[in-house]
Amino acid sequence: MNINILRLSRETTEKDLIKLFGKFGAVKSCDIVKDRISGESKGFGFINMPSDEHGLTAINALNGREVDGSKIRVKALTKDQ
């Protein structure tokens, strides 16, 4: 399952997200989108979890949760997005 994470704090790292989502199941990949010039986070990223069941559980548990001082938005990506 592909998951989009929005409103990330600039301090949140990929390692932080893997640890956070890993509580709900295996994480296949994690990418935080960064500015090409500054290398700073753009405030959003993507997680891929092999299990849809674990992905949905993570989305329900983490959407709206405060992480590093920022209330994140978590949603499933569809093929149309």
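For segment 54-81, how many residues meet the condition of being touching a residue at least 24 places away in the same chain (Cβ under 8 Å) and either part of a helix (DSSP H, G or I) or in contact with a Gly (Cβ under 9 Å, 6 or more places away or on another chain) (or both)? Can you show your working first?
Taking segment 54-81 and keeping what is touching a residue at least 24 places away in the same chain (Cβ under 8 Å), we get 54-59, 61-62, 67-77, 81.
From what is left, the residues that are either part of a helix (DSSP H, G or I) or in contact with a Gly (Cβ under 9 Å, 6 or more places away or on another chain) (or both) are 54-59, 61-62, 70-74, 76.
Here the count works out to 14.
Return yes when GLY39 is out of contact with any strand residue (DSSP E or B) (no Cβ under 8 Å at 6 or more places or on another chain) and either of a type in the set (Lys, Arg) or on the phi > 0 side of the Ramachandran plot (or both) and no when it is not.
On the way: out of contact with any strand residue (DSSP E or B) (no Cβ under 8 Å at 6 or more places or on another chain): yes; either of a type in the set (Lys, Arg) or on the phi > 0 side of the Ramachandran plot (or both): yes.
Taking the combined requirement at face value, the residue satisfies it.
When you scan segment 1-30, how many residues do you find that are closer than 11 Å to GLY45 by Cα and part of a helix (DSSP H, G or I)?
Going through segment 1-30 one residue at a time, the tally reaches 2.
Inside segment 40-78, can you point out the residues that are among the hydroxyl-bearing types (Ser, Thr, Tyr) and in contact with a Leu (Cβ under 7 Å, 6 or more places away or on another chain)?
Step one: filter segment 40-78 for residues among the hydroxyl-bearing types (Ser, Thr, Tyr), giving 41, 51, 57, 70, 78.
Listed by number, the residues that qualify are SER41, SER70.
Kindly establish whether ASN4 is open to solvent by 70 Å² or more (accessible area, probe 1.4 Å) and either within 12 Å of the chain's Cα centre (by Cα) or in contact (Cβ under 8 Å) with a residue 12 or more places away in the chain (or both). Step through it out loud before you land on a result.
Numbers: open to solvent by 70 Å² or more (accessible area, probe 1.4 Å): no; either within 12 Å of the chain's Cα centre (by Cα) or in contact (Cβ under 8 Å) with a residue 12 or more places away in the chain (or both): yes.
Judged against the criteria, ASN4 is not a match.
Could you check segment 31-60 and list, in sequence order, the residues that are under 12 Å from the mean Cα position of the chain (by Cα) and over 15 Å from SER9 (Cβ atoms)?
First, pick out the residues of segment 31-60 that are under 12 Å from the mean Cα position of the chain (by Cα): 31-33, 43-49, 55, 58-59.
Those that are under 12 Å from the mean Cα position of the chain (by Cα) and over 15 Å from SER9 (Cβ atoms): ASP31, PHE46, ILE47, ASN48, MET49, GLY55, ALA58, ILE59.
Assess whether ARG36 counts as being without any contact (Cβ under 8 Å) to a residue 12 or more places away in the chain, surrounded by fewer than 18 Cβ atoms within 10 Å (Cβ to Cβ) and in a loop (DSSP other than H, G, I, E, B). Break it down into steps so the answer makes sense when it comes.
Working: without any contact (Cβ under 8 Å) to a residue 12 or more places away in the chain: yes; surrounded by fewer than 18 Cβ atoms within 10 Å (Cβ to Cβ): yes; in a loop (DSSP other than H, G, I, E, B): yes.
Yes; evaluated as a whole, the condition is true for this residue.
The values are calculated or read from the model by the stated rules, or taken from the named source; none is laboratory data. As the structure is a computational prediction, the values presented were derived from the model and not from experiment. Virtual Cβ from ideal backbone geometry, glycine too; neighbours counted across all protein chains shown. Accessible surface areas use protein heavy atoms only, side chains included; no ligands, DNA or RNA. Shrake-Rupley method; radii C 1.70, N 1.55, O 1.52, S 1.80 Å.
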